[in-house]
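Asker: Before I ask anything, let me first share the structure, which is written out below as structure tokens.
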Amino acid sequence: MRDLTTINDKNYGFSPSLAAEMRNKGIDLRLTRKILAKYNAGEFDRFQPVKAVGIPSVDGEKIIDFTGELQVKVALATVQAKIDKWGLKIDLQQICKVEGKEGIFDQKALQQLGILLYPVVGYGILNGGSASSYFDYKKNVAFNPQYFEICQKEFSLIEKSGKNRSKGLVPAYLNEDSTPGACFIELKMRSLLIEILRYQQLTGTKPQQLLPLFQMTSIYNNQEMAEAYQLFKNSLYLQELVSETGVEITKVLTGVQPMLAAYTHSCLGRPKEIFTNAYGIENTPLPMPGGHGQNFEILRDCYQELLQRGIKLIYLGNVDNLGFTVNPIAIALLALQGKQAGFEFSFRTVVDVKGGVLVLDQNNKLNCADLGVAISQEEVLAAEQRGESILFNCATGLFDLEYLVSHLDCIIDNLPVRFSDQDKDAGRYSQAEQVTWEIIGMLDDFYIFGIDKFDRFLAAKLGVETLLASGIGLDDPRFPKGEDPKKDLKRIAIKLHHGLKQKLATVYGMKKVRGRWEPKSIQELRSEI
């Protein structure tokens with residue numbers, strides 16, 4: 001039997017007509033065939049589903065409550081030596097309280113130190129592909145049919161402005177008058193520029209490198225993103241800050257993810273084949289991203305370049321989470337304690353339907369079990385019914401870059417490849433994915449940051465979630481409620497809306513003018529920093 005992972009045929013064993021259609025849709029034939037062959041040969045069988053043998057709780061050591069005041073004690077000379085080695089002129093004794101040979105950092109000291117560390121911090125965004133699930137009609141209706149009936153008009157508005165576009169270019173919220181707001185990526189860039197302004201005001205300096213932005217795009221949306229960034233130079237949300245800070249935020253270090261073809265649904269058994277009947281049309285493959293876990297391979301060159309530039313810590317998170325912004329306290333804590341990484345988790349709510357949950361796995365290790373892929377909705381609901389609190393993955397990680405780069409080969413080879421069955425407008429198929437956050441099960445020295453969902457995890461996997469956070473329908477008497485506070489959609493929508501308003505008014509530097517969110521001036525921002 002031929003080894004299809006090394007086929008020299010330019011069509012990699014696919015029929016000429018199917019291969020042509022795949023190329024036309026930007027699908028990587030070699031990688032699609034390689035994954036298919038490995039699956040059918042049983043090479044992915046070693047990736048057993050994460051089995052939850054327990055639900056961990058906040059212990060104050062590995063799992064930290066980030067919603068309260070923090071204090072950390074460190075060996076001052078050791079940490080100072082590391083800061084000096086990083087090339088930063090920071091006198092830790094001027095920041096913390098000194099007791100003998102130890103330094104005690106309270107909340108204020110951690111905040112200040114984190115800001116001073118910005119020259120060695122990078123900020124990475126996982127852009128994903130087009131907003132396929134985001135505007136999928138079936139999934140949005142299924143989220144809550146009663147709410148969808150209320151917000152259908154507004155859903156049509158955001159669908160019109162964002163369907164088939166990259167997720168980062170979709171409006172991140174609607175204003176009170178139902179006009180679209182800034183897109184996700186504009187807000188990310190604006191928040192970084194505000195943090196850069198904060199550093200410059202604190203130190204009185206303008207170093208060449210501060211919070212460099214990097215991203216993973218896809219072959220499907222990379223050109224669209226690049227063209228959008230050219231237009232962003234005149235963005236209402238960015239232009240004044242770019243001029244003031246001197247940072248060209250739209251110059252982004254980029255890794256481009258290839259597309260895979262969707263595979264046949266698991267109900268058809270093994271061997272799997274290519275799904276070729278998208279939208280009921282024969283010989284029509286469906287391009288799909290291979291999961292954000294591919295970032296460790298796709299962004300390898302970016303990670304190595306950042307390390308060569310002197311970057312020591314990197315953020316990594318999803319573009320569609322408005323709560324994902326720079327947190328100087330987390331930066332300071334990771335630097336002081338020398339952990340491999342830190343990950344944000346919040347307590348699960350009824351709107352958290354896609355992502356991962358924190359579990360103790362079959363090896364008695366903390367792990368992230370992806371909901372619907374590595375752990376079922378039924379298992380999670382059963383745990384909640386037993387009274388256990390579920391910590392939900394916010395898809396935000398802060399990594400020690402030196403550790404990451406030195407372990408990339410191991411991570412790439414051992415991060416699980418999983419197949420998830422889908423039932424969407426395009427039909428029934430399976431998607432091969434690597435989930436970034438399953439890296440947690442591969443690490444041995446890291447933090448879990450327990451955070452306030454409504455501050456740090458304002459994610460929008462579906463269009464209706466953006467509408468919930470925007471406050472659409474809150475005054476409608478038909479708005480669905482629930483006797484159980486954890487399942488009361490209106491109660492959660494009110495909190496989401498409050499969280500969005502808080503983020504826009506603070507880290508995104510916006511103000512409401514006649515029902516619309518507009519950017520604050522430089523003078524207003526400086527007075528608040």
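The values are calculated or read from the model by the stated rules, or taken from the named source; none is laboratory data. What you see is a predicted model; the values in this text were computed from it and never measured. Every residue, glycine as well, gets a Cβ built from its backbone with ideal geometry; the counts of neighbours run over all protein chains shown.
Asker: Mind listing whichever residues of segment 183-232 are of a type in the set (S, T, N, Q) and either in a helix (DSSP H, G or I) or touching a residue at least 24 places away in the same chain (Cβ under 8 Å) (or both)?
Answerer: S191, Q200, Q201, T203, Q209, Q215, T217, S218, N221, N222, Q223, Q230, listed by residue number.
Asker: Only one residue in E61, E69, E149 is over 30 Å from C302 (Cα atoms) and at pLDDT 95 or above, so which one is that?
Answerer: That would be E149, the only listed residue that is over 30 Å from C302 (Cα atoms) and at pLDDT 95 or above.
Asker: Only residues that are of a type in the set (A, V, I, L, M), modelled with pLDDT of 90 or more and out of contact with any strand residue (DSSP E or B) (no Cβ under 6 Å at 6 or more places or on another chain): list them for segment 116-146, please.
Answerer: L116, L117, V120, V141, A142
Asker: Could I ask something else about it? Of these, T203, T250, which one is over 30 Å from L496 (Cα atoms) and in contact with a helix residue (DSSP H, G or I) (Cβ under 9 Å, 6 or more places away or on another chain)?
Answerer: Of T203, T250, the one residue that is over 30 Å from L496 (Cα atoms) and in contact with a helix residue (DSSP H, G or I) (Cβ under 9 Å, 6 or more places away or on another chain) is T203.
Asker: Counting only residues that are within 20 Å of E344 (Cβ to Cβ) and among the acidic types (D, E), which one in segment 385-434 is modelled with the highest pLDDT?
Answerer: My answer is D400.
Asker: Counting just the residues of segment 208-218 that are surrounded by 12 or more Cβ atoms within 10 Å (Cβ to Cβ) and over 15 Å from K167 (Cβ atoms), which one comes out modelled with the lowest pLDDT?
Answerer: So the residue we want is Q209.
Asker: Within segment 145-182, work out how many residues are among the hydrophobic types (A, V, I, L, M, F, W, C), part of a helix (DSSP H, G or I) and within 18 Å of the chain's Cα centre (by Cα).
Answerer: Qualifying residue count for the region: 1.
Asker: Now, a different point. When the residues of segment 362-420 are narrowed to those that are part of a helix (DSSP H, G or I) and either within 17 Å of the chain's Cα centre (by Cα) or hydroxyl-bearing (S, T, Y) (or both), which ends up surrounded by the most Cβ atoms within 10 Å (Cβ to Cβ)?
Answerer: Y403
Asker: With L126, L193, L197 as the choices, which residue is surrounded by fewer than 21 Cβ atoms within 10 Å (Cβ to Cβ) and touching a helix residue (DSSP H, G or I) at 6+ places or on another chain (Cβ under 7 Å)?
Answerer: Testing whether each residue is surrounded by fewer than 21 Cβ atoms within 10 Å (Cβ to Cβ) and touching a helix residue (DSSP H, G or I) at 6+ places or on another chain (Cβ under 7 Å) leaves just L197.
Asker: Looking at S470, S430, can you tell me which residue is in contact with a strand residue (DSSP E or B) (Cβ under 7 Å, 6 or more places away or on another chain), of a type outside the set (A, V, I, L, M) and closer than 21 Å to E176 by Cα?
Answerer: Exactly one of S470, S430 is in contact with a strand residue (DSSP E or B) (Cβ under 7 Å, 6 or more places away or on another chain), of a type outside the set (A, V, I, L, M) and closer than 21 Å to E176 by Cα, namely S470.
Asker: Test G441 against the criterion of being over 18 Å from L36 (Cα atoms), surrounded by fewer than 21 Cβ atoms within 10 Å (Cβ to Cβ) and modelled with pLDDT under 90, and give yes or no.
Answerer: Here the answer is yes, as G441 does meet what is asked.
Asker: Considering only residues that are in a loop (DSSP other than H, G, I, E, B) and of a type in the set (G, A, S), look in segment 75-134 and name the one that is farthest from L286 (Cα to Cα).
Answerer: The residue in question is G100.
Asker: Still on this structure: Tally up the residues in segment 490-522 that are of a type in the set (A, V, I, L, M, F, W, C) and either surrounded by fewer than 20 Cβ atoms within 10 Å (Cβ to Cβ) or more than 25 Å from the chain's Cα centre (by Cα) (or both), please.
Answerer: 4
Asker: Tell me which residues, restricted to segment 297-348, are of a type in the set (D, E, K, R), surrounded by 23 or more Cβ atoms within 10 Å (Cβ to Cβ) and not in a loop (DSSP other than H, G, I, E, B).
Answerer: E344
Asker: Here are some conditions: (1) surrounded by fewer than 18 Cβ atoms within 10 Å (Cβ to Cβ); (2) in contact (Cβ under 8 Å) with a residue 24 or more places away in the chain. G42 meets all but one. Which one does it not meet?
Answerer: Here G42 meets the rest and fails (2).
Yes/no per residue for (1) part of a loop (DSSP other than H, G, I, E, B); (2) within 19 Å of L391 (Cα to Cα):
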{"residue": "D455", "(1), (2)": "no, yes"}
{"residue": "P480", "(1), (2)": "yes, no"}
{"residue": "I494", "(1), (2)": "no, no"}
{"residue": "H498", "(1), (2)": "no, no"}
{"residue": "Q502", "(1), (2)": "no, no"}
{"residue": "K512", "(1), (2)": "no, no"}
{"residue": "E518", "(1), (2)": "no, no"}
{"residue": "Q523", "(1), (2)": "no, no"}
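Asker: In addition: Which one of these does T245 not meet: (1) touching a strand residue (DSSP E or B) at 6+ places or on another chain (Cβ under 6 Å); (2) modelled with pLDDT of 95 or more?
Answerer: The number of the failed condition is (1).
Asker: Quick one: which of I95, I83, I115 is farther than 30 Å from I492 by Cα, over 29 Å from the mean Cα position of the chain (by Cα) and either among the aliphatic types (A, V, I, L, M) or surrounded by 13 or more Cβ atoms within 10 Å (Cβ to Cβ) (or both)?
Answerer: Result: I95 is the single residue among I95, I83, I115 that is farther than 30 Å from I492 by Cα, over 29 Å from the mean Cα position of the chain (by Cα) and either among the aliphatic types (A, V, I, L, M) or surrounded by 13 or more Cβ atoms within 10 Å (Cβ to Cβ) (or both).
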